Amino acid sequence: MKDGITIAVSKGRILAESLPLLARAGVRLLDDPDTTRKLILPTNQAGVRLIVIRAADVPTYVLNGGADLGIAGKDVLMECDSDNLYEPLDLKIARCRLMLARPQDATTMTGRLRVATKYVMTTRNFFAERGQQVEIIKLYGSMELAPVLGLSDLIVDLVNTGNTLKENGLVALENIADISSRLIVNKAAMKMKQEMIKPFIKRLAEAIPQ
Ligand code: AMP
């Protein structure tokens, strides 16, 4: 959209933690996002609207200019061509870790290991840097199930409290990356709409918890 700015936000925990941050930056939704059927949500600021979409779609919308700005997890950004996006702010919300984990009772692992994950690029880069050849099995969710049912030797997934790993008999081996949500900006929009975007970034920066 030409006029105003569109901000794409990941559904779920990121949306829940973004709304108070946006409110502190002066942007409040006019509808309850849990009950409205609207896909484009107007705000109290004329010309500022939100779209609430799946996490992996946020960088796609922002890269292609469907949205001018986005709020997405670093885990998702590491999986996409984020060189073509500006990432001006670490919002320090929805924090967790991307971890490599294995079954607690696994005996020594030999041969080419199978790693189940949604994070194919990041996992490939992680093992490539170590010079280790692995077979990556792409899953879309419930990674913890894969080693339990013999689909993989290891998993790479987000860990928050560690309860999901524990309850499925898995233990963390290594922290691959500390994750938090980032503000991303379309490069053309940053130029064309800078009189709206720059003050917004400044207000949002001031709203980030220390
Ligand atoms: P936990 O049991 O608290 O360690 O949470 C782990 C589960 O929640 C895993 O299934 C993760 O994929 C998911 N998870 C943890 N943190 C996040 C996050 N920031 N965003 C999305 N999913 C998450």
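Once the Cα-Cα distance is subtracted from the 0.36 nm per residue extended length, the L151 to A56 segment shows a gain of 31.8 nm.
What is the diffusion coefficient of the chain in µm²/s, taking the Kirkwood radius over Cα pairs and the Stokes-Einstein relation at 20 °C with a viscosity of 1.002 mPa s? Show your work: numbers first, answer last.
Numbers: Rh = 18.4 Å.
Calculated translational D: 116 µm²/s.
Of the chymotrypsin sites (Phe, Trp or Tyr not before Pro) in the range 90-134, not one is in a loop by DSSP (not H, G, I, E or B) with at most 14 other beta carbons within 10 Å. For the set K92/K187; K74/K193; K92/K202; K38/K191; K138/K202; K11/K92, the pairs lying more than 27 angstrom apart at their alpha carbons are K38/K191; K138/K202. Sorting 172-181, 93-102, 131-140, 30-39 by average packing, meaning the other beta carbons within 10 Å per residue, from highest down gives 93-102, 172-181, 131-140, 30-39.
Given 0.36 nm per residue, what is the gain on full extension from M109 to L39 after removing their alpha carbon distance, in nm? Could the numbers behind the result be given before it?
Numbers: separation 70, 0.36 × 70 = 25.20 nm, distance 4.76 nm.
Once the chain is fully extended between M109 and L39, it gains 20.4 nm.
Between the helical axis of 13-24 and the longest alpha-carbon principal axis of the chain there is an angle of about 30 degrees. Relative contact order for the chain: 29 percent, from Cα pairs under 8 Å spaced at least 6 residues apart, divided by residue count. Compared with the alpha-carbon gap, the fully stretched path from R24 to S142 is longer by 39.0 nm at 0.36 nm per residue.
Note on K198/Q132: beta-carbon distance plugged into 1/(1 + (r/R0)^6) with R0 of 35 Å gives a FRET efficiency of 0.20. Give the relative contact order (percent, whole number) for the range 8-49; include only Cα pairs under 8 Å separated by 6+ residues. It rounds to 29 percent for the range 8-49.
Helix 194-207 and the long axis of the chain differ in direction by around 60°, with both axes built from C-alpha atoms. If you fit an axis through the alpha-carbon atoms of helix 120-129 and take the longest principal axis of the Cα set of the chain, what angle between them do you get, 0 to 90°, nearest 10? So the inclination is approximately 60 degrees. Taking a point 7 Å out from the Cα of D90 in the direction of its Cβ, the residues of the range 163-206 whose backbone N falls within less than 13 Å of it are 177-183.
For R28, what is the net charge nearby, where nearby means another residue's Cβ is under 14 Å from its Cβ and Lys, Arg count +1, Asp, Glu -1?
Taking every other residue near R28 into account, the sum is +1.
Coordinate-derived values only; no laboratory data. Just so you know, these numbers come straight off a predicted model, no measurement behind them. Backbone-built Cβ (ideal geometry, glycine too); neighbour counts: all protein chains shown.
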